[in-house]
Amino acid sequence: MRVLGISAFYHDSACALVHDANIIAAAQEERFTRIKHDAAFPMNALQYCLNAGGIKLSGLDYVVFYDKPFTKFERLLETYLSYAPFGFSSFRQSMPVWIKEKLFQKNTIVKKLQEIDERFFPKKLLFSEHHLSHAASAFYPSPFDQALVLTMDGVGEWATTTAAIGQGKNLNIFKEIHFPHSLGLLYSAITYYTGFKVNSGEYKVMGLAPYGQPKYVSRILDHLIDIKDDGSFRLNMDYFDYCTGLRMTNERFHLLFDGPPRQPESPVTQKEMDLAASIQVVLEMVITKLATHLQQETQEKYLCLAGGVALNCVANGKLLREGVFEDIYIQPAAGDAGCALGAALYVSYQKQDAQRTAKDDQMKGSYLGPDFSLEDIRQRLTAAGAVFDVYEDETLLNETVKALVSEKVIGWFQERMEFGPRALGNRSIIADARSTQMQSKLNLKIKFRESFRPFAPAVLAEDVSEWFDLDRPSPYMLLVADVLEKHRSPLPDTYKDLFGIEKLNIPRSLIPAVTHVDFSARIQTVHADTNPKFHALLKKYKSQTQCGVLINTSFNIRGEPIVCTPEDAFRCFMGTEMDVLVVGNCFLVKEKQNASLKHDYQSHFSLD
């Protein structure tokens, strides 16, 4: 049975193809259109999935959409009615869009599908529920036969938080928290107030938290959220504007925190750092209470996580250390893009007789996107005007390691593109983690973004416990753990008196470029079975440096999606101060390129 899943029309549109419950392909639309978080119907991602599966649209058994538009419209309408007459301006703006476009999305989807293949039969189109799609995306690829599944995000149709039990092929939600009470929207409100973009900048708040002190925790708990002993919660809507307005917070919220929201692109102050630290503490408090109570209630040994909140790797790491569950599995595409995969998997299991047998992680390292043959890469780079050498594997690795040891910044483009928000070694920028200057260089000269933003270490899976306080794989950069004491550097007596971001200039370990100011790191373990080439590079690097750790950050610049094609990679290479580009077995050095091909990113990148 072949099932195609689609998520679209809100943010992070995506498609995924499943064949007899085996994941064949998955990709976000943004990677093809180059529009970050693209919400459009994912025509390009859909066509890629069909090509990867060698099938026409009419040959599919089912196409499934990730949520139910009518139920979402019901929530929107009931919310406006319950807050009337407040919010009329927002109502007046949103209703025409809903009535014209979103309420009748089934017709829109069928029309789009028949543009691709006029023989597509409309009765093959099914609709899942938003949180069920999330839950399925985490449970079905997991190695667990039975598990508790916790989904936390902004909002689906009505649900913002759900608990489900997965057992074999069965998956059933048994508890829900409903809109407007949302952990994701509370975090997004702080994101908005601290001057970052909602549905995009939440990870900046997480990255900013270690620079601050949790001074506002009591204020948040006293005024914004009421947390019960079982982890359930209610928000005080007197402080929020997202139900009826066109912004996340209102004047009462602003008075509570002593002023208006920070203006985007203005300097980050200690206040924003302290707010970030405070909301992180509250988030961890809720998640830990929720998970602990649910474990006690269900006695489940394993936990699966999905939804946008599950991308908070700091909270994930804390939950793991609490030891509530024997193990935790997190869907790497935990946001709405992953719902396309979850919807396809759910239908695949429910519509066929085959039983699910839990085994290893079925996400295949999340390497589910397009790849390119060497001949295709050569033709594309030549057409783009690139100058390159083609090396055999061993020479390629040797030249790359030589550049890394010389503290060169390298664009590393290999095989299938990653599905989800993280670059995991196939569409990555890599560099020497031992360098004291590399974090600043990458942020300011390569990524064109805020200097405080942290970078992740890619570490040989077999070496993870040699460097970090972690005893298990973390292949998707979704767990944070501390750098071991033996690798840390002594801090000066004046360290505690430094302004948050000034701490960046103090080396904290033998791998300072990936060690956060609190000695933590967002870890990616690299495995020989899922990414043999990146693993081989790390091994060769270790043989020369005695360090099996590299910086790994996404191959893009600020405001741009991760690169998809060799042309994307070359354009990004020529628009930054990257030193070397490796695309497949093609090796490019910046000094050898035609200077007239330099691409000016800084004048037009969009805010994120």
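The values are calculated or read from the model by the stated rules, or taken from the named source; none is laboratory data. Fair warning: this is a prediction, and the values are worked out from it, not measured in the lab. Cβ atoms come from the backbone with ideal geometry, glycine included; neighbour counts cover every protein chain shown.
A few comments on the model shown:
- Filter result (touching a Pro at 6+ places or on another chain (Cβ under 7 Å) and either charged (D, E, K, R) or at negative phi (or both)) within region 147-195: Y192, Y193
- Of the residues making up region 8-43, those that are buried (at least 20 other Cβ atoms within 10 Å of the Cβ) and part of a helix (DSSP H, G or I) are E30, R31, F32.
- Residues of region 215-263 that turn out to be surrounded by 13 or more Cβ atoms within 10 Å (Cβ to Cβ) and in a helix (DSSP H, G or I), as a count: 11
- Verdict on T292 being part of a helix (DSSP H, G or I) and surrounded by fewer than 18 Cβ atoms within 10 Å (Cβ to Cβ): yes
- Filter pass, L381 being within 30 Å of K445 (Cα to Cα), touching a residue at least 40 places away in the same chain (Cβ under 8 Å), touching a Pro at 6+ places or on another chain (Cβ under 7 Å) and assigned by TED's automatic domain parsing to the domain that holds V563: yes
- Within region 502-516, the set of residues being in a helix (DSSP H, G or I), closer than 24 Å to L320 by Cα and touching a helix residue (DSSP H, G or I) at 6+ places or on another chain (Cβ under 7 Å) is empty.
- A354 being part of a loop (DSSP other than H, G, I, E, B) and farther than 30 Å from F127 by Cα: no
- Across region 44-77, the qualifying residues are those that are among the β-branched types (V, I, T) and surrounded by fewer than 21 Cβ atoms within 10 Å (Cβ to Cβ), and the one among them that is modelled with the lowest pLDDT is T71.
- Checking V155 against (1) within 18 Å of A334 (Cα to Cα); (2) in a helix (DSSP H, G or I), the condition it does not meet: (2)
- Residues that are touching a Gly at 6+ places or on another chain (Cβ under 7 Å) and either of a type outside the set (S, T, Y) or touching a residue at least 60 places away in the same chain (Cβ under 8 Å) (or both) within region 143-201 comprise D145, Q146, A147, V149, T151, M152, D153, G154, G184, L185, S188, listed in sequence order.
- In region 176-198 there is no residue matching the filter, namely being outside the structural domain of F9 (by TED's automatic domain parsing), among the polar types (S, T, N, Q) and closer than 21 Å to F65 by Cα.
- Scanning region 178-214 for residues that are among the basic types (K, R) and either assigned to a helix (DSSP H, G or I) or in contact with a strand residue (DSSP E or B) (Cβ under 7 Å, 6 or more places away or on another chain) (or both) turns up just one, K204.
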